[in-house]
Each structure stands twice: as C-alpha cells, then as structure tokens.
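Colleague: Below you'll find the structure I mean.
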Amino acid sequence: MRAFDYVRATDTREAVRLLADDPEASCLAGGTTQLDLMKDGVLQPPRLIDITRLPLHGIERRDESLHVGALVTMEELAADTTVAERLPMVRESLLLGASVQLRNMATIGGNLLQRTRCRYFRDPTVPECNKRAPGSGCAAVQGAARMHAVLGASERCIALHASDLAVALVALDALVHIQGPTGSRTVPLTEFYLTADVSPERETVLEHAELITGVEIPLPPPAARSGYLKVRDRTSYEFALASAAVQLVLDDGTILEARVALGGVGTKPWRAHAAEHLLTGAPATTATFTEAAEATMQDAWTVPGTAFKVPLARRTLVRELQTVSGVTA
Ligand code: FAD
Ligand code: SF4
C-alpha cells in the first residue's frame, strides 16, 4: 500500500475544508471498503481524512421520519426500535449483509458509497476497466461476469451496485443529506446514483469534498407490510445474486400502494417503477406479480455470464410479493 497522510477531523466543516484543500484526498469511515481498495492498489489517495469522530452518530425519530447520522453503524441501525417496529425491510437488508464484525465497523454513509465488487475493477493489473481508467474498455463483458449487473448495464460497464441497504432505502424514497464547501443540500436517494451505462467512472452525484451527513427515512403507513429477500450462493457473508425490497398496502385483496426495488441486478439500486405501476390498484395475485416482474426485467442487458439473472430476478420478486402479501395463488 502506498504511504499516505492521516488526519483526524473533529468537526464536519473542518472535514469538508480538509477534503476541499486536497483534490486527491479521500475520507475514511469504517474503512471496510476504503482500506481494502488501498491495500489492493486500486485507490491511492495521498491523504485520508478520518471522519469517525464527527458528530454524525445519532438516530432520531422526528414525527413520521427517522433521521440517521452517516456514522451510525449497520448493527446500530438494525438494533434501533423504530427500525424493528416500522422498517422491517431496512432491518432485514442490514442483517443479511456482510458479517457481524463488518456490520459493527461499517457505517451507513460508507455502505451507500461502497464500491463495486467487480473483480476486474479490484485488480489494477487488468488494463481494461472504464471505471478505473475511463476509455480503456471493460474486461468483465468478455470475462467472468456472474456477479455483475443486467439493469443499467452496457458494453461500457456492467459493475453491480452491491449495497443491500440502498435497495430498501431506494424503495422507501429516503433522502440523503449532504454537506459541502458551499453549504448543504438534500438529494432523494433515487436521484443520488448514476447508472454505469451512462458514467462508469462516476457512480453518484456527490462532488469531491462533499460529505454525506445523514439519511432521512420516511416511515411507512402503519398498515404497510414489507420485506427484503436476498438470493445468494451462500446463506451468509455473501453478496446478492438478486434481491427484492417490497412494501405493500393491501385492502381486501387489492393493492392500494406498492413500493418495489431490486438489488443484485443493477448498476445502481434499482427502483422498479414499472412494477409499482402495474401492481397499484390490481388484485394481489400471482398473475399480477408475474406481470410486474416481467415488466421490471424487460430492459435487461446481458452477457453470457449474467443471462441467468433475468429469470432469477423475476422469481425473486414474485416470491417476495407473495411473501409480503400472503398470497401464493
Ligand atoms: P469506508 O470503507 O470507510 O468508505 C467507503 C467509501 O465511502 C469511501 O470511498 C469513503 O471515502 C466514502 N465515505 C464513507 N463515509 C462517507 C461519508 N459520510 N461521506 C462521504 N463519503 C464517505 N455490503 C452489503 O450491503 N451487503 C453485503 O452482503 C456485504 N458484504 C460484505 C462482505 C465483505 C467481506 C466486505 C468487506 C464488505 C461487505 N459489504 C456488504 C460492504 C460493507 O457493507 C461496506 O464495506 C461498508 O458498509 C462500508 O462502510 P464503511 O463505513 O466501512 O466505509
Ligand atoms: Fe470496470 Fe465496470 Fe468493466 Fe468491472 S464492469 S471491468 S468496473 S468497466
């Protein structure tokens, strides 16, 4: 690993200023992604700004929304009582991710900004990677692409966005609070991520020296039911091959409101608006669920290694719609 300067910031404005002063500096939260990539030589920032002492550790309920500081850990958020009672989908997405040890280190801000697990991105000896070296090509398109994306993908890049939490938060229309050199702003999480077919090298709208300070999660109506299904090669310590976050409000067999997002298949956490449109106002039946799943996956762009993900994602979504609604016929 290349030598770097280490600076610990104690105040959010100071952290932003330190980042703004050095265009190559990066910030360090739990370090579970950042340090891996530095050890592998993929990232080589000359300066790391440690943000773990910033006052961004709180979880606070304000009316019908939950405000979560960027430095809250995945385990802390999963253990929160409001999350347990009102946001089961968020809790499940957290507890199905990584391992207990990692979840105790990993922060919510870092989770949303984790980098892709694409093996070619993570191997600096591979020259073709549009994300690492814009314009160089994409080794994964012709290579081993089992853990890659099919939505928001193209020959330019098929890197998967691997966060489970982001899938649940995108479904819930969470907001991201950001502080930068010129002030603060709030961005809907649905508009925070960019797809790799458009910009492999740029994954979010975050600018250099901007920090995520927190996430605001609107609480669902009490009548809502929700869940998160993650399908993977092993039942623990593994990223999703496909996942589905589903929230439904039902009335006498009719779907009044539907929120759906998919993970494991997109170059960003994938909000399934087409599925929501088909589900809303329709009877809660397996035929409706199947139609919604087909609509969601109709624009998939596959390579031989990822083609299996299209039927897998459809089945994952149908299964979770059945589970959440309690309707199997
Ligand atoms: P860091 O590594 O410190 O930072 C990550 C990135 O975000 C860096 O670029 C950093 O500069 C930036 N950053 C961090 N915080 C901020 C902020 N507040 N503002 C601006 N920039 C910031 N995740 C899942 O969702 N599901 C899984 O199944 C899963 N399995 C995993 C298995 C393994 C073996 C490992 C190593 C990781 C796994 N992860 C999984 C990813 C894990 O959740 C992330 O590594 C973690 O959440 C990142 O958080 P962190 O605080 O450690 O971030
Ligand atoms: Fe790089 Fe994206 Fe191709 Fe992976 S999929 S090698 S990250 S361009």
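The values are calculated or read from the model by the stated rules, or taken from the named source; none is laboratory data. Remember, predicted model here, so these are calculated numbers, not experimental data. Methodologically, a virtual Cβ is constructed for each residue, glycine included, from the backbone with ideal geometry; neighbour enumeration extends over all protein chains shown.
Colleague: Within the set of pairs 6 or more residues apart or between chains, which connect a residue that is without any contact (Cβ under 8 Å) to a residue 24 or more places away in the chain inside region 95-116 to a residue that is charged (D, E, K, R) and assigned to a helix (DSSP H, G or I) with Cβ atoms less than 8 Å apart?
Modeller: From residues that are without any contact (Cβ under 8 Å) to a residue 24 or more places away in the chain, the pairs are Leu95/Arg103.
Colleague: Okay, moving on. Just give me the residues in region 117-128 being without any contact (Cβ under 8 Å) to a residue 60 or more places away in the chain and hydrophobic (A, V, I, L, M, F, W, C), in sequence order. Even if it seems obvious, please write down each step before you answer.
Modeller: Taking region 117-128 as the starting set, the residues that turn out to be without any contact (Cβ under 8 Å) to a residue 60 or more places away in the chain are 118-120, 125-128.
Scanning region 117-128 gives Cys118, Val126.
Colleague: Here is a further query. Scan region 253-297 residue by residue and report those that are under 22 Å from Val231 (Cα atoms), free of Cβ contacts under 8 Å to residues at least 40 places away in the same chain and in contact with an Asp or Glu (Cβ under 6 Å, 6 or more places away or on another chain).
Modeller: Residue satisfying the conditions is Ala258 alone.
Colleague: May I pose another question? Answer with yes or no whether Thr190 is in contact (Cβ under 8 Å) with a residue 24 or more places away in the chain and within 10 Å of ligand 1 (Cβ to nearest atom).
Modeller: no
Colleague: Still on this model: Tell me, which residue of region 204-239 that is over 30 Å from Glu14 (Cβ atoms) and among the aliphatic types (A, V, I, L, M) is modelled with the lowest pLDDT?
Modeller: Top of the filtered list is Ala223.
Colleague: Those residues that are without any contact (Cβ under 8 Å) to a residue 60 or more places away in the chain and under 17 Å from the mean Cα position of the chain (by Cα), I need them from region 204-230; list them, please.
Modeller: Once the filter is applied, which keeps residues that are without any contact (Cβ under 8 Å) to a residue 60 or more places away in the chain and under 17 Å from the mean Cα position of the chain (by Cα), region 204-230 yields only Val205.
Colleague: Please note which strands (runs of 3 or more DSSP E) are completely contained in region 28-93 and include at least 3 residues that are buried (at least 16 other Cβ atoms within 10 Å of the Cβ).
Modeller: The strands (runs of 3 or more DSSP E) meeting that bar are 47-50, 65-69.
Colleague: Considering region 113-151 alone, what residues qualify as being touching a Ser or Thr at 6+ places or on another chain (Cβ under 6 Å) and either basic (Lys, Arg) or within 16 Å of ligand 1 (Cβ to nearest atom) (or both)?
Modeller: Gln114, Arg115, His148, Ala149, listed by residue number.
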